[in-house]
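**Q** Below is a structure I'd like to ask you about.
The values are calculated or read from the model by the stated rules, or taken from the named source; none is laboratory data. For clarity, every value in this text was computed on a predicted model and none was experimentally measured. As a convention, Cβ positions derive from the backbone with ideal geometry for all residues, glycine included, and neighbour counts pool all protein chains shown. Surface areas here come from the heavy atoms of the whole protein model, side chains and all, with no ligands, DNA or RNA. Shrake-Rupley method; radii C 1.70, N 1.55, O 1.52, S 1.80 Å.
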Amino acid sequence: QVQLVESGGGLVQPGGSLRLTCAASGSIFSINNMAWYRQAPGNQRELVAVISSGGSTNYADSVKGRFTISRDGAKNAVDLHMNSLTPEDTAVYYCNADLTTYSASRYYISNYWGQGTQVTVSS
């Protein structure tokens, strides 16, 4: 089975930085888009940033210029570098991936979520 495991969350002061990492493991044939979402208490889950297999990126307006998404194809991993953090960035951050798995001579295309990692920005 496929697993997405996030790491790197924590408590940081306003203006600080954090790096989140998500590593995918399992019977993965290929990975298409990888993305980071976040969900603050009382809010819907929202897209933060997405990166395609070719390296094209897209960001939510609220994080443009502050966050950078990158991926390591060899490691099936995606990072989210977050700078100039504000209390409004406080949320649980989730990794998401569209990927193809191979099993019993068949290919399966599915969407997977990580378990989430808490980011808290507070003084």
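**Q** Return the distance in nm (one decimal) between the two label points of a simple spin-label model at LYS75 and GLN3, each offset 7 Å from Cα along Cα→Cβ.
**A** Taking the two extended label points, one gets 1.7 nm.
**Q** Among 91-103, 39-51, how do they line up from the highest to the lowest mean number of other beta-carbon atoms within 10 Å? Could you put the intermediate results ahead of the total?
**A** Details: 91-103: 18.9, 39-51: 14.1.
The densest-packed peptide leads the list: 91-103, 39-51.
**Q** Per residue of the range 38-52, what does 6.51 cos²θ - 1.76 cosθ + 1.60 with θ = phi - 60° give for ³J(HN,Hα)? Whole Hz please, x for Gly and Pro, Karplus curve as stated.
**A** 9, 9, 8, x, x, 10, 7, 5, 10, 6, 9, 7, 9, 9, 7
**Q** Please compute the per residue accessible area over the range 1-57 with all protein chains in place, 1.4 Å probe, rounded to a whole number of Å².
**A** Accessible area per residue, the range 1-57: 55 Å².
**Q** Now, a different point. Please go through the range 22-71 and write out the chymotrypsin sites (Phe, Trp or Tyr not before Pro) that DSSP classes as loop and that have at most 11 other C-beta atoms within 10 Å.
**A** Numbers: sites: PHE29, TRP36, TYR37, TYR59, PHE67; in loops: none.
Here no loop site has a sparse enough neighbourhood.
**Q** Between SER17 and ASN111, how high is the FRET efficiency from 1/(1 + (r/R0)^6) when r is the Cβ-Cβ distance and R₀ = 35 Å? Nearest 0.05. Mind showing how you got there, number by number?
**A** On the way: r = 29 Å, r/R0 = 0.83.
So the FRET efficiency works out to roughly 0.75.
**Q** How would LEU18, LEU80 rank on accessible area, largest to smallest, probe 1.4 Å?
**A** Details: LEU18 35, LEU80 0 Å².
Ranked from most to least accessible, the order is LEU18, LEU80.
**Q** Over the range 79-119, one equal point on each Cα, no solvent: what is log10 I(q)/I(0) by the Debye formula at q = 0.14, 0.19 Å⁻¹?
**A** Scattering profile of the range 79-119, log10 relative to I(0): -0.50, -0.69.
**Q** Accessible area of the chain with a 1.4 Å probe: how many percent of it is carbon plus sulfur? Let's see the in-between values first.
**A** Numbers: 3040 of 6670 Å².
Reported share for carbon and sulfur atoms: 46 percent.
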